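Visitor: Here's a structure for you.
The values are calculated or read from the model by the stated rules, or taken from the named source; none is laboratory data. Because the structure is a prediction, the values reported are computed rather than measured. Note that we place each Cβ from the backbone using ideal geometry, even for glycine, and neighbour counts take in every protein chain shown. For the accessible areas, the whole protein counts, side chains as well, though only heavy atoms, and no ligand, DNA or RNA atoms are used. Shrake-Rupley method; radii C 1.70, N 1.55, O 1.52, S 1.80 Å.
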Amino acid sequence: MKKNISLFIFTLLIIFSIFEIFVRIFFPQDLQRYWVINENKYGLSINKSNHTHKLHRFKSYKAKYKFGKFGNRITVSNYNLEKKDKILVLGDSFTFGWLLQDEYTFVHKLQKDNLNYNFINVAVGAWGTSNYTLFSELYCESINPKKIFVFMNTDDFNRGFERGFYKIKDDQLIIQKKEIKNNSGDSELDKKIPFYKFLKSNSHSFMLTRNVVYNLINKPNYNPWSSDRYWPKPSSNSDKAKSIKVKMLNEKIFIRLKEITKNCGSELYIFNINWALPKMMSEENVNKMFLENAEMFFNENQIYYFQNSNKMESLYKKPMAYIIDIDFHPNQKGSNLIYLSFKNEIKKILNSN
C-alpha cells in the first residue's frame, strides 16, 4: 500500500515537472508583482526605480520592462544619452507602452529620432493630469529636464479629478495627501493556503492553471469599441455639474504644472494624443467639456499645445485595427500611428533649440 502511494506521488511529481518545463519554455507566466509602487509623501503611483520586470503577458502579447533611477522606462541602451539634456516624458499607459516590446513604443521611436536628447519616460498606467503634475512637483528638480513633454490621453482629466491629489479651496489649488493602499501585501489566499504564495512566485504551471481557473470563474467582459471611440466608456450617470468641476480643476492643474516647469528651469509642451475627438464623445463624458475648450485655454495661458487629430483619421475610420483585442491599449500599429502623428512636430521643436 505504502509502495503504491509512493509510486503515485512520484508519478505526480514527474508529471508536474514535465508540465512545468513545458509551460516555462512555451508559455511562460508573469511571476512578479506589479512594477508600480506608491511614493511615501502623497501616495503617488510611480514605477519602481532600477528595476526589471521580466515578463508582462496578455494572451499573445509579451513585454519586458527595464526601469532607470527615476522609475523611467529604458528602451535604448546608450551610455552617451546620460550626458545629453533630459526630456521628462509624462503620460499614462499609452505613453508607457503597455504590453509593447521596447522597439514598438512611440516614445522609443521618438528617442531614436532625437539622440541629442535623453527621453526620461516616467509614464504610469492609469495616470491622469494630477498624477503627472504631482510627479513634476516632487521630482522635477532632481531630474532637471530641459523640457517636459506631456502626452495627454482621453480620460486624463476625469482621472485628474478622481485621484484627489489636488482640490480647489477659496479659488486656490491646494495639494492633499492620499491614503496609501498597500496592493503588494499578502492576499487572503496567500495566508490561508499552504505554499500558495510560494507557488505564485516560482511555478509557471501553477500560475497558468490559476489564471485559467480565474478566467473561467470571472469571465472578462468583452465589449466592442465604445461609441465614444475609447475604452472604458464613461458612466452614463455623469452630469454637467461634474463636467464643469472637472474642467475647472484641470485648468488650475495645468497652470500649476506651468509654474512647476518654470521654477524647475524647464519648458512645457502639451501633446494631445487625440485617441478620441470631443465630437465623438457622448454628452455624458465628463472629459468632453475640457477637451472642447483645451486649445483656447492653452493659448490664453501661453502653454504650448499641439493636436494631432488630422494624423489620426485612419484610427477613427477603423479603430479595432489599432488596438489590442479586449485589452484596448494601442497595438504595434496604433503606437506607430501615434509616433507618426508627432514625429515631425517634435523634431521641429528639438531642432529649433
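Visitor: Just the projected area, averaged over all directions, of the convex hull on the alpha carbon atoms of segment 1-106: how many nm²?
Guide: Over every viewing direction, the Cα hull of segment 1-106 projects on average to 11.0 nm².
Visitor: Please report, as a whole percent, how much of the solvent-accessible surface of segment 96-163 comes from carbon and sulfur atoms (probe radius 1.4 Å). Working shown, then result.
Guide: Details: 730 of 1880 Å².
Summing carbon and sulfur atoms, their accessible area is 39 percent of the total for segment 96-163.
Visitor: Additional query: Just to be sure I understand the model, the point goes 7 Å from the Cα along the line to the Cβ. What's the resulting Ile9 to Gln101 distance in nm?
Guide: 4.4
Visitor: Quickly work out the Asp325-to-Phe19 label distance, labels modelled 7 Å from Cα along the C-beta direction, and quote it in nm with one decimal.
Guide: The two pseudo-label positions are separated by 2.7 nm.
Visitor: Can you work out the accessible area per residue across the chain, with the rest of the protein chains kept in place, probe 1.4 Å, in square angstrom?
Guide: Numbers: 19020 Å² over 353 residues.
So the chain comes to 54 Å² accessible per residue, rounded to a whole number.
Visitor: Then there's this: If you rank Arg33, Arg24, Arg57, Arg73 by how much accessible surface each has, with a 1.4 Å probe, what is the order from largest down?
Guide: On the way: Arg33 90, Arg24 115, Arg57 50, Arg73 10 Å².
Largest accessible area first, the residues go Arg24, Arg33, Arg57, Arg73.
Visitor: Send over the Kirkwood Rh of the chain, from the inverse of the averaged 1/r over different Cα pairs, rounded to one decimal Å. Mind showing how you got there, number by number?
Guide: Values: mean 1/r = 0.0450 Å⁻¹.
Hydrodynamic radius (Kirkwood, Cα pairs) of the chain is 22.2 Å.
Visitor: So between Ala241 and Met296, what do we pick up on full extension, going 0.36 nm a residue minus the alpha carbon distance?
Guide: Details: separation 55, 0.36 × 55 = 19.80 nm, distance 2.09 nm.
Extra length from Ala241 to Met296 when fully extended: 17.7 nm.
Visitor: Rounded to the nearest 10 Å², what accessible area does Lys192 have for a 1.4 Å probe in the complete protein model?
Guide: 150
Visitor: Next question. Hey, which of these cross-link pairs are over 26 Å Cα-Cα: Lys147/Lys311; Lys64/Lys167; Lys66/Lys343; Lys62/Lys112; Lys86/Lys109; Lys109/Lys279?
Guide: On the way: Lys147/Lys311 24 Å; Lys64/Lys167 36 Å; Lys66/Lys343 24 Å; Lys62/Lys112 22 Å; Lys86/Lys109 16 Å; Lys109/Lys279 30 Å.
From the list (Lys147/Lys311; Lys64/Lys167; Lys66/Lys343; Lys62/Lys112; Lys86/Lys109; Lys109/Lys279), the Cα-Cα distance tops 26 Å for Lys64/Lys167; Lys109/Lys279.
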